[in-house]
Structures are given as structure tokens and as C-alpha cells.
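Take a look at the structure below.
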Amino acid sequence: MIEIKTIKVGMLQTNCYILIDDKSNEAVVIDPGDEAEKILPELEGLIVKFVLLTHAHYDHVGALEAVLRATGAPLRKDEEEITFGQETLTVIKTPGHTSDGVCFYAQAHNYLFAGDTLFYGMYGRTDLPTSSPREMVLALKKLAELPPETNVFSGHGRPTTIKQEKEFGTIG
Ligand SMILES: [Zn+2]
């Protein structure tokens, strides 16, 4: 099983996620956006294998250096798969909000960590530097192909599901 800890950090209340494989105690940190002092205590007793970013906006990377330094874990982003303990995350490239945007998909549990690509009831802004409305359409099409029951954990705000966002008309 994956245990998910959500820590809201910084002015924009970015969701920093800590995913823990409860068998091995190995963990990854997604988007350490700010407030390392809130994140680091949650990592105590864990073997942090990797630090992951959904994209490099400042509100997602503010505590990156501090978390890398404290854990000694490497930063990973452009791999196809990330493994920690018994768990595997598939990296889905989703440019649109930014050109470097990715989502992390835990297929075994139907969890998607979507960064600022998809939120509850809306998709991410496409009017920022390196944004592309056209690529966002393609990214959302990719996400629409995931199982409807997929739980979506976004970069800000509450979680949602692929089914819910299809009903809202946010995706496909
Ligand atoms: Zn962003």
C-alpha cells in the first residue's frame, strides 16, 4: 500500500505529497513547494528515495534545495518509471501549463499526482511562460484515458477523480 501524506505549503497552499511504501518505509516527495520546516519532520524515519517535481514553478520548488540537502535523495523527473519499495510510478508527460509538466501515476492504486495540469473542477492555467493551450488539450486527452475511478491529487486544492472531471466536462 501507499500511504499519502499531504502537506499544504506556502502562500499558494501548494500540496506537497509524501508517498510512503508501508512495507519498506521507502518514500518519495512530490513538489516540496515551500516551508521545509513543515516537510522535513514528516520525513523522519523514512528512507527518501527520490524527490519529484510535477513542474518547476516557484510555488512547487521553494523547499527543493532544503529537502535534497536534508535527505540526500536525488531529484528525478524525466524518467519513464520511478520505483520505491514495492511501488512504481509511471511518468506521464503533460505539457500545457508549462512545457516541463508531468503527472505521476501509481497504476496499482489508481492514484494520479497531477501538479497544476488538473484540479477539482478545472484545468491549469495556460497563459504563463512556456504554457501551450494546444498541448493542454492533448494532455487532458491523455488523462481522460485513465480509469474513471482514478483518484487525482492536484497541486492545489482538494482531490478529485477522472470520472468527476469527465462529468464536470473539464476533460474528454
Ligand atoms: Zn504551476
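Averaging the Cα positions of each part gives two centres, and for the stretch 31-59 and the stretch 85-120 these lie 16 Å apart.
For the stretch 21-56, state which GluC sites (Glu not before Pro) are in a DSSP loop and have at most 11 other beta carbons lying within 10 Å of their beta carbon. All intermediate terms of the calculation are to be shown ahead of the outcome.
Working: sites: E26, E35, E37, E42, E44; in loops: E35, E44.
The qualifying sites are E44.
Assuming charge only on the beta carbon of Lys and Arg (+1) and of Asp and Glu (-1), the dipole of the stretch 2-168 about its Cα centre is about 340 debye to the nearest 20. With a Förster radius of 30 Å applied to the beta-carbon distance between R69 and H109, the computed FRET efficiency rounds to 0.50. Using just its DSSP H runs of length 4 or more, each adding -39500 (n - 2.57), the chain gives a mean residue ellipticity at 222 nm of -5000 deg cm²/dmol after division by all residues. Between T83 and E44, the simple spin-label model (points 7 angstrom out along Cα→Cβ) gives 3.2 nm. Heavy-atom accessible area with a 1.4 Å probe sorts R134, R125, largest first, into R134, R125. In order along the stretch 95-112, the phi-based Karplus estimate (6.51 cos²θ - 1.76 cosθ + 1.60, θ = phi - 60°) of 3J(HN,Hα) comes to x, x, 5, 9, 5, 9, x, 9, 10, 10, 10, 9, 4, 4, 10, 6, 10, 10 Hz; Gly and Pro are listed as x.
For the stretch 2-168, report the % of Cα-Cα distances exceeding 20 Å. Before the final figure, lay out each step's value.
On the way: 6426 of 13861 pairs.
Summing the P(r) tail past 20 Å for the stretch 2-168 gives 46 percent.
For the chain, the share of DSSP beta bridges that are antiparallel, to the nearest 5, is 70%. Couplings 3J(HN,Hα) of the stretch 135-145, computed from phi: 5, 4, 4, 5, 4, 5, 4, 4, 5, 5, 7 Hz, in residue order, whole Hz [Karplus 6.51 cos²θ - 1.76 cosθ + 1.60, θ = phi - 60°; x for Gly and Pro]. The residues of the stretch 2-168 have, on average, 47 Å² of accessible surface per residue, using a 1.4 Å probe with all protein chains present.
Report, to the nearest whole %, how much of the accessible area of the chain belongs to carbon and sulfur atoms, 1.4 Å probe, protein only.
Details: 4220 of 8110 Å².
Accessible surface attributable to carbon and sulfur in the chain totals 52 percent.
Computed with a 1.4 Å probe on the full set of protein chains, the accessible area for F168 sits at about 100 Å².
Note on N151 and K23: the extension gain reaches 43.9 nm, defined as 0.36 nm multiplied by sequence separation minus the Cα-Cα distance.
When a/c reaches 1.5 or more, the comparison of a/b and b/c decides; with that in mind, is the stretch 1-94 rounded, prolate or oblate per its Cα gyration tensor? Present the calculation step by step, with values, prior to reporting the outcome.
On the way: a/c = 1.64, a/b = 1.20, b/c = 1.36.
Oblate, since a/c reaches 1.5 and b/c is not below a/b.
Would you mind classifying the stretch 69-172 by shape? Square roots of the alpha carbon gyration tensor eigenvalues, ordered a ≥ b ≥ c; an a/c under 1.5 is rounded, otherwise it is prolate if a/b is larger than b/c and oblate if not. Judged from the Cα gyration tensor, the stretch 69-172 comes out oblate (a/c at least 1.5, b/c at or above a/b).
The values are calculated or read from the model by the stated rules, or taken from the named source; none is laboratory data. If you're wondering where the values come from, they're calculated on a predicted model, not measured in any experiment. Glycine also receives a Cβ, built like all others from the backbone with ideal geometry; neighbour counts cover every protein chain displayed. Heads up: the accessible areas ignore ligands, DNA and RNA and are worked out on the full protein's heavy atoms, side chains in. Shrake-Rupley method; radii C 1.70, N 1.55, O 1.52, S 1.80 Å.
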